[in-house]
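Since the structure comes first, as structure tokens, the remarks are kept for the end.
Rule-based calculations on the coordinates, nothing more; no lab input. Since this is a predicted model, take the numbers as computed values, not measurements. Please note: Cβ atoms are built from the backbone with ideal geometry, for glycine as well, and neighbour counts cover all protein chains shown.
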Amino acid sequence: MSGHEPPQPSNHTFDYKHVGGRFLGLVALALVAFAAVAFGAFTDTKQFAFSYLFAFSFFLTICMGGLFWTLVHHAVDAEWSVVVRRQMENIGSLLVVMGLLFIPLIFVAPKLWYWMTKLPGQDILLDEKWPYLTKEFFWIRAAFYFLFFTAASLWLRRNSIKQDTSGAAKYTLLNRKITFGSLPLFAVCLTFAAIDWLMGLDYHWFSTMWGVYIFAGTALSSLCVLVLIITALRNAGYFKNVITIEHYHIMGKLMLAFTIFWAYIGFSQYMLIWYANIPEETIYFLRRNTESWQILSTALVVGHFFVPFLLLLSNMGKKSPAFLCGMALWILAMHLLDIYVVVLPALHKAGVQLSWLDFACLVAIGCTLAAAFLKRLGDSPLWPLRDPRLKNSIALKN
């Protein structure tokens with residue numbers, strides 16, 4: 001760490017003039033997209049169910065990642081991330097919106113999770129998983145997930161904003177205590193949400209590494225979104241003398257680390273299932289290596305690991321905001337492909353069948369979250385103004 005103390009920056013409030021009419025444009029586009037999605041829900045309910053779950057899962061992982069990085073910041077008492085923490089908090093706080101966007105899935109649940117249509121005695125494997133796979137317990141778990149995600153993300157953000165006014169170090173200590181209680185619950189909620197909503201698409205299939213696999217994509221994709229947001233704000237004139245190339249260097253190193261982690265978990269899961277060769281386990285990969293699904297699965301391996309791994313090795317690249325933004329967009333595209341390959345083969349078993357609903361659901365949920373995020377930007381300073389570690393964070397050297 002450097003010992004000098006740079007002057008306190010002043011351009012800490014988001015000015016909506018940098019948004020212009022884009023906020024209203026996002027709201028209008030979201031409404032139009034949701035109208036189209038509603039039409040699709042009545043004309044092709046099953047396709048709507050899977051397309052909506054695909055889009056919902058993609059954005060949910062990003063929002064959960066925002067909460068994860070906030071928890072990590074407080075848990076390890078990090079200094080480097082103080083200047084970007086408010087944007088982590090803003091991303092995580094969108095989980096309350098995701099809770100509302102989950103409601104349409106309630107009405108099409110039997111189309112997605114077909115175990116709900118089974119009666120006791122019809123399937124011995126389902127009977128063995130009772131009482132976990134029961135409708136009542138399923139909805140109780142879903143309510144608990146969102147209750148925790150919402151409470152933790154909003155509580156941490158509220159304390160952080162209170163510190164902007166008072167400057168009291170007690171809020172730093174309080175958030176650290178909240179984090180130590182929240183981290184185990186975060187791991188449990190993310191893991192079981194992934195099992196319930198994604199693995200549950202085929203209740204015959206199981207993997208003990210599934211929660212970690214989804215977590216790897218969650219952490220990486222949210223970090224990419226953070227890089228894009230920070231860069232957009234810097235280009236608009238914010239974070240002057242606050243976020244430096246040193247911060248980008250750390251975020252680039254984390255992007256490389258979680259790219260490797262995602263590949264390690266994905267390969268370990270595949271290798272163990274391939275080696276054991278148990279029919280209930282292999283069905284997941286057999287389906288995704290059928291016809292055109294095999295092309296997407298191969299593209300996922302190459303695009304999600306080999307391409308970013310090789311390009312992120314260079315220190316020069318990790319210190320270039322433009323380069324990191326390009327890599328962030330690429331990795332987000334690969335994460336989108338990853339979630340698509342997880343969800344849609346459960347509907348189109350014979351091969352890829354793109355639907356306009358896939359894109360409409362992405363636009364509807366994405367524009368809703370983008371509009372909510374822009375509103376969040378103006379609700380509080382863009383970085384924690386009176387965090388005790390702010391000056392050290394600004395003066396970061398690594």
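Key figures for this structure:
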{"quantity": "Stretchable slack from K17 to K162, in nm (0.36 nm times residue separation minus alpha-carbon distance)", "calculated": "49.6 nm"}
{"quantity": "Neighbour-limited loop hits for trypsin sites (Lys or Arg not before Pro), region 215-297 (at most 12 other Cβ within 10 Å; DSSP other than H, G, I, E, B)", "calculated": "K240"}
{"quantity": "Two-site FRET efficiency, I278 against K135, from Cβ-Cβ distance with R₀ of 41 Å, rounded to 0.05", "calculated": "0.90"}
{"quantity": "Whole-Hz ³J(HN,Hα) from phi, Karplus 6.51 cos²θ - 1.76 cosθ + 1.60, for region 338-348, glycine and proline x", "calculated": "4, 5, 4, 5, 6, 8, 5, x, 5, 9, 9"}
{"quantity": "Sites T208 and L311 - FRET efficiency at Förster radius 30 Å, r taken between beta-carbons, to 0.05", "calculated": "0.40"}
{"quantity": "Fully extended contour minus Cα-Cα distance, from K375 to D127, at 0.36 nm per residue", "calculated": "84.6 nm"}
{"quantity": "Debye-sum result for region 57-212 in log10 I(q)/I(0), which assumes one identical scatterer on each alpha carbon, at q = 0.14 Å⁻¹", "calculated": "-0.73"}
{"quantity": "Normalised alpha carbon radius of gyration of region 213-271 [divisor 2.2 N^0.38 Å]", "calculated": "1.38"}
{"quantity": "Gained length - D77 relative to L100, 0.36 nm times residue gap less alpha-carbon distance", "calculated": "5.1 nm"}
{"quantity": "Where only alpha carbons of region 123-259 are counted, the Rg and the Dmax (Å)", "calculated": "19.6, 63"}
{"quantity": "Computed label-point distance, nm, for sites L183 and R288 using a 7 Å Cα→Cβ extension", "calculated": "2.9"}
{"quantity": "Alpha-carbon centroids, region 123-196 and region 305-350: separation in whole Å", "calculated": "27"}
{"quantity": "Over the chain: helical MRE at 222 nm, DSSP H runs n ≥ 4 each giving -39500 (n - 2.57), nearest 500", "calculated": "-23500 deg cm²/dmol"}
{"quantity": "Whether region 247-386 is rounded, prolate or oblate, judged on the alpha carbon gyration tensor where a/c under 1.5 counts as rounded", "calculated": "oblate"}
{"quantity": "Identified option (computed mean projected area of the Cα convex hull in nm²; candidates [x] 18.6; [y] 19.8; [z] 23.5)", "calculated": "[y]"}
{"quantity": "J(HN,Hα) series, region 128-133, from Karplus relation 6.51 cos²θ - 1.76 cosθ + 1.60, nearest Hz, glycine and proline x", "calculated": "6, 9, 7, x, 4, 8"}
